[in-house]
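Quick note: the coordinates plus some simple rules give every number you see, no bench work behind them. Everything numeric in this text was worked out from a predicted model, so none of it was measured. Please note: Cβ atoms are built from the backbone with ideal geometry, for glycine as well, and neighbour counts cover all protein chains shown.
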Amino acid sequence: MKRLLYLLNRVKWALISIVFVIVLNFFLFRVLPGDPARAGVRDPRLTAQAQQALRQRFGLDKPVINCFESLNPLKLGGCLENPLDTQFFIYVGNLLRGELGTSYQSGRPVAEMLGQALLNTVLLIGIAQIISIFLGIVLGLVAAWKSRTIIDFSVLVASLVAWSLPTFWLGIMLLFSGSYWLNLPVMGKMTAGADFNNNLEMFLDLGRHLLLPTLTFTIVVMGEYMLVMRSTVLEVLSEDYILTAKAKGLNTFQILKDHALRNALLPMVTIIALNLGFTVAGAIQIETVFSWPGLGLAIFNSVGRRDYPVLQGAFLLIAFSVITANLIADLLYSYLDPRIQAEDNG
Amino acid sequence: MLKLRWFVAVFLAFSMIVTACGGAATAPTSTKPSDQNQPSPTKEETKPTEPPKPSILRIGRAGSEDTLNPGTAMLSEAWVTFELVYSALYMQKLDGSFTFDLATSVSASPDNKVLTYKIKPGVKFHDGVPLTAKDVVFSYDLYKAHDDFPYMNGYTKYFDKVEAPDDTTVVLTLTEPIPNIESQLGYCFILPEHIWSKVAEGKAATEFQNEGLIGSGPFKLVEYKQNEFTHLAKNPDYYGTVPKVDEVIFQKFENRDALVQAIKTGQIDMITEMPNTAVATLKNEKNIKLVTGAPLAPDITDIIFNQVSPENCPKDAKCAGHPALRDRIVRQALATATNKQELIDIVLLGLGAPGLTLIADGMGDWYNNTIKDYPFDIPQANKMLDDAGYKDVNNDGVREMPDGQKPLVFRLNWPSDSTVAPRLAELISKTWEQIGVKTQPQAVDPDALTAMCCPTFDYDILIWGWGSDPDPSFLLRVMQTSVIPDGTSETGYSNPEYDQLFDQQSKEMDPVNRKELVWKMQEIVFKDVVYLVPFYSQAVQAYRTDRFTGWITDQPKLALDHVINLLAVEPVK
Amino acid sequence: MDDHAASDFRSFFHNLGHNWMALAGALMLIIAILVAVFAPWIAPYSPKATLKISIEDIYAAPNSAHWFGTDDAGRDVLSNFIFGARISLIVGFFASFISVFIGGSIGIIAGFYGGRVENLLMRFTDIMLVIPDLPLAVVLVALTKPSLLNIIFVIGILGWTGTARLVRSQTLSVKERKFVLRARAIGSSNLHIIRQHIFPLVLPLMVANTVLVISLAILEESTLSFLGLADPTNLSWGQMLNFAFTRGGLSAGAWWALVAPGLGIVWVVLGCTLLGHGLEQILNPRLEWHHLSVGQKMVERKSGQMPS
């Protein structure tokens, strides 16, 4: 029963976070609505009427919310009109239907554009996370076990340096050495428009494109996992029961596997979940450098083009994903650690 | 505990694989029109002899189409694709002139208001449905009916009505005679009525994604992934020259360095642009040929002076520009104090020509090449300002107005997403300091820039730019008095003589006379320094010599991705 | 009470001397700060100097006149690199001060007052924690004017969550110490207790945390600049990388324009990280382990000695 209450509490807070993000998202973008009829280089063929028609097309001629006709410049008015015909409620209504609006630039539904992007980002991040978690755990374990030796020292320094590298810079360095010396692809998820004879070829092509971005990601993220794993294992290894186990005659490897690893897992789950925000930041940089067609690149491109619906939608999706992932991590954590329900005071 | 960990890991790995499969094979947002004529090789497992691999031309570029809907598209990359997939009555050639595409002949009524076109018989759309004059009528009516089509609005403004008395005749009635009708009809692509009639009304037309992209041009769409690539294949039933390449893939790169890298490593066969700094390195590459020339659709970078007079100030506008800029002598002095060659060298790495007016050298005959530019002469510029009474009364290095009050300090703004403007601003500010003029440079968000520019006129000097169109009318339009109130005029320039000439040239049917008028207009705005155009940048493109040959590089304009080029190239043997 | 705090500080500095990470980090940071402070004297060219530039000066390889070569505007990379340290460090320091100030205040208030105040503040922190930093920063900076102040402000108001959680948990543990209870019994005001007792004990931890927050702020500034969202007239290291990356540096083969600013960032961030982790290690025994208060980037460990 206690666990159920805990779970419900967690879900409640996840939902509150989501509501907060939705409201924040809306007002953020309405403070500067942006003009879909505008481009960096203006076009002489775009008449004033056409610009106005474009604005109408994207519903920018409606009042923002009750009593505020627009937020920038701040214009009051329209308090008594139909409150549901304001941009805010139209926006919320659309969200509930899974509609994220229409892209200013392409006129396509944002949800459609970002759906595939989301999958691409998950693919990239997912694989990189798995590898870096695995490596982080193993290397952290080894470093803690061999603490105060040269192995520990080098692992420690390596992970600190890795963590200090700007993700985008590492990406650039790898991109050009990789494409120059190993002839790896310069961009994208797969070779454009290629016909593959079988699934193996397709996987290989995907793999070649994944190699450098994943490597970049792994290097940057792995450092932190190594550090955390190392420090947690160090603590665990200093516990009394380790001495007991050793006295009982268990060999080192067994001790590491059955005791150190198990108990160090809990903080790792937390760190992985908390790291998701950082992971997303890394994704934006990596996708920009490697032209990987994911959510991060969508954000970057839409900023440049002032395509606010896409930007808004991508931001929302990312926030949702992180909140959801955190929730899952929380639930997983509670499943793993029975102490937690008593601690938490909702 | 361990079991759980392995389970989680396996589950994650499994979902990654599923995602990869799903993402790769059946990408939901990419489009493969279910058509019969796929020229790619069959993939059966047991085949005695392999059919020859199709020749695929891979083109790299830094942008991509915004949409495949010709009504709503605004980016030039979309128009490149449209010209490959669609037909129109006319087609633009690489010397800037227009030739018949779908049309075979035209006859005009004596008042030039009724044009009768004959079009080629037996033309089919990519899905096999015949193209008739009815499709032309439908398309023109569609364009005209939608004022939410950004560009078609301007192109069909003077269409009164269009009719198809029979399958191969189109009768176009204009509200007034239009001298440049070919350039406008060249962009009015012929859409298949049997597909578009379902979405012709209202919002459906602007929301239609048109991902089947069925046209009647030399290429047809195989697959389209927005912001990634566009995959075309040749149309073997094309009524004109059938392309010699089997397939063309346009690939979008997020940054231009990656373009250079890709062509060097052979992942790409041709690139339509590159950073000027790469020219030196690519020149030395063995299998790559670099070409420069006037771009097909020149982008103009311009320096805008706020010169709106109080009489012309629109209602509710601020009109808060520096008064000195309304004095032509000041503008001429600034032009004389601008070292255009230095700007070309540093900003464009030498790949450009000094600019004159908004009509660029790539506009062919429309460009008035007899105008003599202001020579870069600091002492002369200083003298001009001295003689006009703008002296430095307090010896702080900055001149003041003739009444000794307001110093010549100008706000200098540009859109924050411009790569060229910051460097430009820095360099001209430095040289203008030498004639006692100071600037306050500041990058501004593009939306904010629009808000302060026009028709508010709350700025001093802006660095901005225009895209262009083959016909000079569209750019000359922005310097009229009548467009000051609606925000089209950036400068607030007003000259009745210019306005009159504009009206004349927009009706002048004889091309020679019209050219004279257009040339005179350029002289006027050059003398009045309405805009200061620092340079016209050249197009820089490159192709691999070991892949495809037949590239056309000896024409006045350079556009390796133009339909004429893609019809001419073939694989290297 | 004061003796307690004083002896803490003395042993703190004693430990500092023996900790190689903290020393190395401190040294790296000091060098960076010195370079930034004395930039006008160290740099061979002044960034404001008007140079005569020709085509050959663009992306020139390292030579005797320019040890680090030139960038896309023909300017000396070494000089830009030295002055770039200023902007990167200024943004890093000021943004992190804002973050730590906000986070520290929230943490102390939440931890000290407890109850509904704590609940509200910590839930708010949780929500902010979960919203991904960089996308929000990208959106905020993109929507407002590109300027140095904006970047500092945006990074500052987004980076306080880790500090808040850390300070709160530390406050919770300090709150229960005997001398605090004694002070309450005497009748000292809350503010007095916070200032005299809580704060000095929370401070060392906050300092260690600040150093790490600085490293994050510098990384974030360089990322935002690289993405083209900063004021291009301020040549921070990130901005230098943005110019080199977007203005054809790689295809021009100008590795010097890309490597130098990147190494600068790595140097400073690594220095902060080493110092921060070193300080953490020193302060280790004083931390209480609370498995829910795992900070965003800094981990609190159970008290105990490291196995020899």
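What to note about this one:
- Radius 13 Å from Cβ of C:Trp255, net charge of other residues (Lys, Arg +1; Asp, Glu -1): -2
- A DSSP coil position with no more than 11 other Cβ atoms inside 10 Å describes none of the trypsin sites (Lys or Arg not before Pro) in segment B:460-558.
- Alpha-carbon centroid distance for the pair segment B:158-189 / segment A:114-145, whole angstrom: 60 Å
- Entry note, chain B: the mean residue ellipticity at 222 nm calculated from DSSP H runs of n ≥ 4, each adding -39500 (n - 2.57), is -8000 deg cm²/dmol after division by the residues and rounding to the nearest 500.
- For B:Asn513, neighbours were defined as the other residues whose beta-carbon sits under 15 Å from its Cβ, and their charges (Lys and Arg +1, Asp and Glu -1) total -1.
- R0 of 30 Å, Cβ-Cβ distance B:Thr545-C:Ala61: FRET efficiency to nearest 0.05: 0.60
- Restricting the GluC sites (Glu not before Pro) of segment C:124-224 to loop positions (DSSP other than H, G, I, E, B) with no more than 15 neighbouring Cβ atoms within 10 Å leaves C:Glu176.
- Between segment C:171-249 and segment B:470-517, the alpha-carbon center distance in angstrom: 60 Å
- Shielding value for C:248-261 is 6, the average number of Cβ atoms from other chains within 10 Å of each residue's Cβ.
- For chain B, the longest principal axis of the C-alpha atoms and the axis of helix B:511-527 are separated by about 50°.
- Share antiparallel - DSSP beta bridges, the protein assembly as shown, percent rounded to 5: 75 percent
- Ratio of Rg to Rh over segment B:230-365 (Cα coordinates, Kirkwood Rh, two decimals): 1.13
- The smallest convex shape that holds all Cα atoms of chain B, its convex hull, gives 221 Å³ per residue.
- Candidates C:Thr125, C:Ile90, C:Ala61 compared by Cα position along the dipole of segment C:50-154: farthest toward the positive end lies C:Thr125, with charges placed on Cβ.
- Segment B:440-505 - Rg (one decimal) and Dmax (whole number), Cα, Å: 13.2, 40
- For chain B, a simple Cβ point-charge model (Lys and Arg +1, Asp and Glu -1, everything else neutral) yields a dipole of about 1520 debye relative to the Cα centre.
- Per-q log10 I(q)/I(0), the protein assembly as shown, q = 0.08 Å⁻¹ (Debye; single scatterer per alpha-carbon; no solvent): -0.98
- As a calculated quantity, the FRET efficiency between B:Val171 and A:Lys12 at R0 = 51 Å, using C-beta atoms, amounts to about 0.15.
- Restraint check, B:Lys118/B:Lys507; A:Lys2/C:Lys178; B:Lys430/B:Lys527; A:Lys257/C:Lys175; B:Lys383/B:Lys406, Cα-Cα greater than 29 Å: A:Lys2/C:Lys178; A:Lys257/C:Lys175
- Here segment B:104-150 is assigned +1 on the Cβ of each Lys and Arg and -1 on the Cβ of each Asp and Glu. Its dipole about the Cα centre then comes out at about 300 debye.
- Ranking C:Leu140, A:Ala273, B:Phe189 by how far each Cα lies toward the positive end of the dipole of the protein assembly as shown (charges on Cβ) leaves A:Ala273 at the top.
- Karplus-derived 3J(HN,Hα) values for segment B:448-455, using 6.51 cos²θ - 1.76 cosθ + 1.60 with θ = phi - 60°, are 5, 5, 4, 4, 8, 7, 9, x Hz; glycine and proline are entered as x.
- Restriction of the GluC sites (Glu not before Pro) in segment B:222-305 to DSSP coil positions whose beta-carbon has at most 16 other beta-carbons within 10 angstrom yields B:Glu285.
- With contacts taken as Cα pairs under 8 Å and at least 6 residues apart, chain B reaches a relative contact order of 18 percent.
- Between helix B:2-25 and chain B: long-axis angle, C-alpha atoms, 0 to 90°, nearest 10: 80 degrees
- About its Cα centre, the dipole of the protein assembly as shown is roughly 4280 debye, where the only charges are +1 on Lys and Arg Cβ and -1 on Asp and Glu Cβ.
- Inter-label distance for B:Gln341 and C:Ile186, nm, one decimal - labels placed 7 Å from Cα along Cα-to-Cβ: 8.3 nm
- 3J(HN,Hα) along segment B:340-355, derived from phi through the Karplus expression 6.51 cos²θ - 1.76 cosθ + 1.60 where θ = phi - 60°, amounts to 5, 5, 4, 4, 5, 5, 8, 7, 9, 6, x, 8, x, 10, x, x Hz, with x in place of Gly and Pro.
- Centre separation in Å (Cα based) which lies between segment B:210-245 and segment B:338-378: 38 Å
- Estimated FRET transfer efficiency (B:Gln504, C:Leu149; beta-carbon r; R0 45 Å; 0.05): 0.25
- Across the options B:Met479, B:Val114, B:Leu424, the greatest Cα extent toward the positive end of the charge dipole of chain B (unit charges at beta carbon of Lys, Arg, Asp, Glu) belongs to B:Leu424.
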